[in-house]
Amino acid sequence: MDTFVLVIATVVAAATPLLLAATGELVVERAGVLNLGVEGMMLIGAVTGFAVTIASGHASLGIPAAALAGAATALVFAVLTLTLMANQVATGLALTIFGIGLSALMGASYVGTPVAPLPKLHLPGLSDLAVVGPLLFGHDALVYLSVALTIAVAWFLKHSHAGLVLRAVGESAESAHSIGHPVIAVRYLACLFGGAMAGLGGAFLSLSYTPMWMEGMTAGRGWIALALVVFGAWRPWRVLAGAYLFGGVTILELHVQGANGIGLPPQVFSMAPYLATVAVLTVISAGKWRGRLNAPASLGKPFRPSV
């Protein structure tokens, strides 16, 4: 039972950065913008949060700094694509390359420096319960924040007027503009939110999951987060389930390697999360599943208000 609790707790930890980044990207894409720079924004957030925490000694300052750094990086993307009308796919890829290089430069002096991990929640009586305590009341603040933000985004998109406007912008920017909605402003705000969420996902990696800075420590999680949005058909609850599913695949790979595998090279198991991503995308993009994707109709399409 102790092993089971440990495995589930590690799955939750592995899923948290994916959930944070994917939820932010979901909002961006529901507004009709395709930002492929999630990996770069996560790295910028990871190194910024780590550096501020080391300098100040307080993770409570490092986490907001990571969110702001991610939002600032997303602002660069928004200016290029929404104001200067650059190609969204090319700009997103460039943003990832930029984030990888800039984070390596910023974090050069922090490589291998440890930091105290984020404190775990402890509620007297509840946290000490067998099984339930460690699973529900034994995580750090960012784990609970990731779930709370997913719930908030689900409510926002479905029940709020602003969420309806955002979805309208993503489905038909021209129609939304014709009835007076500020399409560009909505998309700017969505990009900033997505960048902040990616920054938080990066901060979780450097301050909790692996409490130290390493170059390229996201290890492709930004791309998995992008795939999760498609896997979840642009719905928050499905993204939540997908994040924990992919987190489980990641942890399963580690446990199989720890048990000396099944006679296969360890590199095969290291590929497991990414092979699972490709397999899932292949399945849901073909056959009867294709019609259920429900991608926003204006996703990736540039918009310039008519004068």
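The values are calculated or read from the model by the stated rules, or taken from the named source; none is laboratory data. Remember, it's a predicted structure, so these values are computed and weren't measured experimentally. So basically every Cβ, Gly included, is an ideal-geometry build from the backbone, and we count neighbours across all protein chains shown. For the accessible areas, the whole protein counts, side chains as well, though only heavy atoms, and no ligand, DNA or RNA atoms are used. Shrake-Rupley method; radii C 1.70, N 1.55, O 1.52, S 1.80 Å.
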For this session: Identify which of the listed values of Cα extents along the principal axes in Å was calculated from the structure shown: (1) 63, 49, 44; (2) 83, 57, 37; (3) 59, 46, 42.
Result: (1)
Exercise. By average Cβ neighbour count within 10 Å, what is the ranking of 234-245, 106-117 from highest down?
Worked result: 234-245, 106-117
Exercise. Using a simple spin-label model with points 7 Å from Cα along the Cα→Cβ vector, what separation in nm is obtained for LEU245 and ALA86?
Worked result: 3.4
For this session: Please list 12-21, 195-204, 274-283 highest first by mean number of surrounding beta-carbon atoms within 10 Å per residue.
Result: 195-204, 12-21, 274-283
Problem set entry | the range 104-153 - Rg (one decimal) and Dmax (whole number), Cα, Å | 15.7, 46
Exercise. Under the rule of -39500 (n - 2.57) per DSSP H run of 4 or more residues, summed and divided by the residues of the chain, what mean residue ellipticity at 222 nm is obtained, to the nearest 500 deg cm²/dmol?
Worked result: -22000 deg cm²/dmol
Exercise. Dividing the alpha-carbon Rg of the range 1-151 by 2.2 N^0.38 Å yields what?
Worked result: 1.20
Exercise. Using 7 Å Cα-to-Cβ label points, what is the VAL283/ALA130 separation (nm, one decimal)?
Worked result: 3.6
Seminar exercise, completed: Here FRET efficiency (C-beta to C-beta, TRP155 to ASP2, R₀ 41 Å, nearest 0.05) is 0.70
Exercise. What is the helix-to-structure angle for 141-159, meaning the angle in degrees between its Cα long axis and the longest Cα principal axis of the chain, kept from 0 to 90 and rounded to the nearest 10?
Worked result: 30
Seminar exercise, completed: Computed for the chain: size of charge dipole around the Cα centre, +1 on C-beta of each Lys and Arg, -1 on C-beta of each Asp and Glu, debye to nearest 20, value 820
Seminar exercise, completed: Per residue convex hull volume, Cα only, the range 139-180, in Å³ is 67
For this session: For TRP213, list long-range residues whose amide hydrogen, built 1.01 Å from N in the peptide plane, is under 5 Å from its own amide hydrogen.
Result: GLY112, THR113
Exercise. If you average over every viewing direction, what projected area does the convex hull of the Cα atoms of the range 209-258 give, in nm²?
Worked result: 4.2
Problem set entry | Point-to-point label distance, ARG238-ALA297, nm (Cα→Cβ direction, 7 Å offset) | 1.9
Seminar exercise, completed: In Å, the C-alpha Rg and Dmax of the range 1-74 are 15.0, 45
For this session: Quick one: among ALA173, ALA67, ALA22, which has the greatest mean-square fluctuation in a GNM of the chain with alpha-carbon springs under 10 angstrom?
Result: ALA173
For this session: With a/c under 1.5 counting as rounded, go ahead and sort the range 112-245 into rounded, prolate or oblate using the C-alpha gyration tensor (a ≥ b ≥ c being the square roots of the eigenvalues; past the cut-off, prolate if a/b is larger than b/c, else oblate).
Result: prolate
Problem set entry | the range 130-135 - phi-based ³J(HN,Hα) in whole Hz, Karplus 6.51/-1.76/1.60, Gly and Pro as x | 5, 6, 5, x, x, 6
Seminar exercise, completed: Helix 38-56 sits off the longest principal axis of the Cα atoms of the chain, rounded to the nearest 10 on a 0 to 90 degree scale, by 60
Exercise. What is the list of residues in the range 207-231 whose amide nitrogen lies under 12 Å from a point 7 angstrom out from the Cα of ALA104, following Cα to Cβ?
Worked result: 215-217
Problem set entry | Solvent-accessible area of ILE54 with every protein chain in place, 1.4 Å probe, in Å² to the nearest 10 | 60
